[in-house]
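Let me begin by presenting the structure, written as structure tokens, before commenting on it.
No value in this document is a laboratory result; all are computed from the given coordinates. Quantities reported herein were computed from a predicted structural model and do not represent experimental measurements. Note: ideal-geometry Cβ built from the backbone for every residue, glycine included; neighbour counts use all protein chains shown.
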Amino acid sequence: MAFDFKKYIASVKDFPNKGIVFRDITPLLQNAEAYRAATHALAEYAKSRGADVIVGPEARGFIVGCPVAYELGLGFVPARKPHKLPREVERASYDLEYGSNSLEMNKDALKPGQKVVVCDDLMATAGTLRATEILVKRLGAELVGAAFYIELPDLKGREKLPGLDIFSLVQYTGA
């Protein structure tokens, strides 16, 4: 049965800046059936990619990735914003649709050869995903796919990661 995920995503104009349409996943998370269906769909994708571990970028990637890892019986590795991890880290910077930031992972978070699927709420410019890919590669693991609730194809994120298998539940084009 196909699930209408768009029904559970609110569009908020001019947030956080004028001209941005923020896709709010809060209604999806609040609905047990929708959250379960979204988690299951991403878990099936990660399973199809042969994932050994799920990585989720801070912060909504934790909300998306943790239940996927749990459903599959896999570990979860957070990609954190700077200065949140107390041990030795790798860091990669990235640009957002409306700013820039960095992500960090513990240097021992992944084992060489592990197959990684990144799970997050939204792919826009793919900056976060590219930074996560850099971290995964530096730690010797292999990024085998990325799964999102939402994709904004107009921002051409897929083009920035040619060859990477990307799965999204819904796509929004235009405003």
Pairs over 24 Å Cα to Cα, from Lys84/Lys137; Lys47/Lys84; Lys81/Lys160; Lys7/Lys160; Lys7/Lys47; Lys7/Lys81, come to Lys47/Lys84; Lys7/Lys160; Lys7/Lys47; Lys7/Lys81
Ordering 83-92, 60-69, 9-18 by per-residue average of other C-beta atoms within 10 angstrom, highest first, gives 60-69, 83-92, 9-18
Order of Thr125, Thr132, Thr39 from fewest to most other C-beta atoms within 10 Å? Thr125, Thr39, Thr132
Excluding Ala51 itself, calculate the net charge of residues whose Cβ lies under 12 Å from the Cβ of Ala51, where each Lys or Arg counts +1 and each Asp or Glu counts -1. -2
Antiparallel bridges, percent of DSSP beta bridges restricted to the chain (to nearest 5): 40 percent
Of the chymotrypsin sites (Phe, Trp or Tyr not before Pro) in region 67-143, which ones lie in a loop per DSSP and count no more than 10 other C-beta atoms within 10 Å? none
How about Lys111: which aspartates and glutamates have a C-alpha closer than 19 Å to its C-alpha, ignoring those fewer than 8 places off in the same chain? Asp52, Glu88, Glu90, Glu133, Glu142
